[in-house]
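The values are calculated or read from the model by the stated rules, or taken from the named source; none is laboratory data. Note that the structure is a prediction, hence the values are computed from the model and not measured. Cβ placement follows ideal geometry from the backbone for every residue including glycine, while neighbour counts extend to all protein chains displayed.
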Amino acid sequence: MRFWLVAFGCVLVFSSCGSSGRTFNSYEYFPRVDYTNLETPAAPDYSNFDHWAALPFKEDPADRVPDASMKDAQATAEIDVFFVHPTTFAGGDKNEMHWNADVNDLALNEKTDESTILHQASIFNATGRVFAPRYRQAHLHSYFTTDTVSAQKAFELAYSDVEQSFLYYLEHWNNGRPFIIAAHSQGMTHAGPMIKKHIDGTPLQDQFVAAYLVGLPGPTDFYDNIPPCDSPDQISCWASWRTYAKGFLPKYHDKERNINCTNPLTWTRDTSHISYELNQGTVLSDFASINPQLFDAQIHEGVIWVGPPNTFGGFLFKMENYHIADMNIFWLNIRENALRRTNNYLAQKRKKNSRPVEDDIMVEAN
């Protein structure tokens, strides 16, 4: 489980996390007492649309696109996407001194919606109806504190909300529809184990198109029945990556030799260098355009290495950890791949449903 409890710093330029541009150590507000000495915020009510950051039944930033030639196709989509957002509860104001966020905090919700929901959840509106719950996310401090007991309790509370939101979605809105699970950073902390508990090897796996679990290290053998993705058309698999500047590795890297890492430019685990030309488009903080061929990608020892941005003066752009941009860098590649896997899933399902009964008998007999 500890594989899912690692986070990295945020960088303002890509605007996918909701934190400010300050470094973590400069945050003024974070928990200074143990978990038991702070009041727990009220639980979400998932029948209340306000407790969802994105729903296909209301207008929200997940409906938007960065280019006028693109369309939000949720109204006609045949599948759903369940998206779990990363940490936005990061110490920005006096309300952020608790271990867990309040889903009724309007300022925090706006920060979440205009950052990760806009820049990440929107990726999937060409493929499916987007569902993104608000949840009592653990404070960013939980990833770094020495008070691991309080941190674990904060993560457990956050996970319980994500799990309950998924079960609510299944009971009230899924109606047997196929679905994708997508998550980034703390979202992956919770979505990863949730998939293992509720989808891996269960009847729900038949509805499971794929998962995009991004931003944290996850072992390749984490699931018993859901393999890492090895091709762009593969279904019932999970893709994952973390992004760093070429030549940089996290300091805890030696402990991570069996990490699932997918190259989002090829959707394989091949370690060859993939050139800028295959990057269909990056989306930056203004969410106003698609910027093709801006980054290359290469898998190196379980992480994605990217070179300097392929733009005038790009060699001057200095960044080691691209965590906040894990999805923005490959925005259009992810969007197109989610649609590709979905189309393959639906085609296979239609083919299976159109087979004569005798074919099933022959398969069983063989």
>> If the requirement is being closer than 15 Å to residue 52 by Cα, in a helix (DSSP H, G or I) and charged (D, E, K, R), which of these qualifies: 163, 171?
In response: 163
>> Being over 22 Å from residue 92 (Cα atoms), touching a residue at least 40 places away in the same chain (Cβ under 8 Å), buried (at least 18 other Cβ atoms within 10 Å of the Cβ) and of a type in the set (Phe, Trp, Tyr) is the filter here; which residues of region 140-198 pass it?
In response: 166, 168, 169, 179
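For every residue, the table says whether it meets (1) out of contact with any Ser or Thr (no Cβ under 6 Å at 6 or more places or on another chain); (2) of a type in the set (Val, Ile, Thr); (3) at pLDDT below 95.
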{"position": "263", "(1), (2), (3)": "yes, no, no"}
{"position": "267", "(1), (2), (3)": "yes, no, no"}
{"position": "271", "(1), (2), (3)": "yes, yes, no"}
{"position": "274", "(1), (2), (3)": "no, yes, no"}
{"position": "292", "(1), (2), (3)": "yes, no, no"}
{"position": "298", "(1), (2), (3)": "yes, no, no"}
{"position": "304", "(1), (2), (3)": "no, yes, no"}
{"position": "311", "(1), (2), (3)": "yes, yes, yes"}
{"position": "314", "(1), (2), (3)": "yes, no, yes"}
>> Would you confirm, using the coordinates I've provided, whether residue 312 is farther than 18 Å from residue 240 by Cβ and buried (at least 18 other Cβ atoms within 10 Å of the Cβ)?
In response: no
>> As an exercise: evaluate residue 116 against (1) out of contact with any His (no Cβ under 7 Å at 6 or more places or on another chain); (2) crowded, with 21+ Cβ neighbours inside 10 Å and give the number of the one condition it does not meet.
In response: (1)
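Every residue, every condition in (1) surrounded by 19 or more Cβ atoms within 10 Å (Cβ to Cβ); (2) in contact with an Asp or Glu (Cβ under 9 Å, 6 or more places away or on another chain), yes or no:
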residue: 242; (1), (2): yes, yes
residue: 248; (1), (2): no, yes
residue: 253; (1), (2): no, yes
residue: 258; (1), (2): no, yes
residue: 261; (1), (2): yes, yes
residue: 265; (1), (2): yes, yes
residue: 268; (1), (2): no, yes
residue: 272; (1), (2): no, no
residue: 276; (1), (2): no, yes
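Is it the case, given these coordinates, that residue 49 is farther than 21 Å from residue 340 by Cβ and modelled with pLDDT of 95 or more? Give the derivation first.
Details: farther than 21 Å from residue 340 by Cβ: yes; modelled with pLDDT of 95 or more: yes.
For residue 49, the condition - farther than 21 Å from residue 340 by Cβ and modelled with pLDDT of 95 or more - is met.
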> Do we find a residue being hydroxyl-bearing (Ser, Thr, Tyr), crowded, with 16+ Cβ neighbours inside 10 Å and in contact with a strand residue (DSSP E or B) (Cβ under 7 Å, 6 or more places away or on another chain) anywhere in region 285-303?
Replying inline: no
>> Six or more apart or on different chains, Cβ atoms under 7 Å: show the pairs whose first residue is in region 97-114 and at positive phi and of a type in the set (S, T, N, Q) and whose second is assigned to a loop (DSSP other than H, G, I, E, B) and at pLDDT 95 or above.
In response: none
>> Tell me whether region 92-102 contains one or more residues that are over 26 Å from residue 146 (Cβ atoms) and either at pLDDT 95 or above or loosely packed, with under 14 Cβ neighbours inside 10 Å (or both).
In response: no
>> So if I check each of 82, 124, which one is part of a helix (DSSP H, G or I) and within 19 Å of residue 342 (Cα to Cα)?
In response: 124
>> I'd like the full set of residues that are assigned to a loop (DSSP other than H, G, I, E, B) and in contact (Cβ under 8 Å) with a residue 12 or more places away in the chain, limited to region 213-228.
In response: 215, 216, 217, 218, 220, 221, 222, 223, 224, 225, 226
